[in-house]
Amino acid sequence: MTSSHLLQLEHVNHTFDAGRIVALRDVNLDFGEGESVAILGASGSGKTTLILVMCGIRTPTSGVLRWRGEPISTLRQWTDLRRTEIGIVFQDFNLFSTLTAAENVEVAMFGSGASTAERKRRVEEALDTVGLARRATHLPQELSGGERQRVAIARSIINNPKLILADEPTGNLDSKNAAAILDLMFDLQRARGSTLIMVSHAPDQARRCARHVNMKDGQVVDQTFAPARRMRRLREPSRTRLSQSQAPARAIHPHHPRRGVCRRQLHHALRLVAQCA
């Protein structure tokens, strides 16, 4: 952990139903560059709402969020941050069913100004990093759960973000794939020097993070720090530990349903993701 402030929350509150439901109550947190942090708590404690507030998908009822010391309040500011500085991994993958793995990764680059050739190069590099180079042309329904989450991880790192937010990224996976996905995420976080903030219900997963933030009824009740551990280098074999990653790629038939996806549909998906609507 460094002393550099990346994201700060100051007296953040968030309510629903005209104030009758309090999701976050006077939350004050400070995240530094290169940290790994686990957000812990029972269901309904405010963990997911906290993640959504920290990426601007939800707007707090009151309080201030700062990025590198500067207050962030407008939708445009948050959109720019999600496009360039913040990557998000959801529990349910949030992949477009009519787009291939490569296109689902590419949507995160919409509005970046990158050329078609540059987008293609970076998408190929991201999918190769997570061990899915041979699955680039496959639709989500043709992938296993672990492979779908790896597509989501590739999408989250495509713009080399400084902050990765993961909302129970292994919640829909079996134990083998869950362990492999965590290996991949922590390897990437360490190799790239990014900050990883992860919601988890599993104590064994949370122990891999250097700091634990415990929540109850929308409040931060305490924080603990794990003993310093030796950092591991990014392992190329990470991809080999994931199930089905070495299966041969299937050829796409000329009359495959994927052929019916038009560019207008892709561009519509790109706009939706960019807006995080």
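Overview of values
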| read-out | value |
| --- | --- |
| Burial order of peptide ranges 71-79, 83-91, 41-49 (average beta-carbon count within 10 Å, highest first) | 83-91, 41-49, 71-79 |
| Inter-centroid distance (Cα atoms) of region 157-183 relative to region 48-67, Å | 21 |
| Relative compactness, region 26-114, computed as alpha-carbon Rg over 2.2 N^0.38 Å | 1.23 |
| Debye, to nearest 20: dipole size of region 82-221, +1 on Lys, Arg Cβ, -1 on Asp, Glu Cβ | 380 |
| Principal axis dimensions, region 86-135 - Cα atoms, whole angstrom, descending | 30, 25, 23 |
| Over 14 Å [Cα-Cα, region 110-175], rounded percent | 61 |
| Alpha-carbon spread of region 47-169, three principal axes, descending order, Å | 45, 31, 22 |
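We did not get these values from a lab; they are worked out from the coordinates using the rules stated. For clarity, every value in this text was computed on a predicted model and none was experimentally measured. For neighbour counting, all protein chains shown are included, and Cβ atoms are generated from backbone atoms with ideal geometry for every residue, glycine included.
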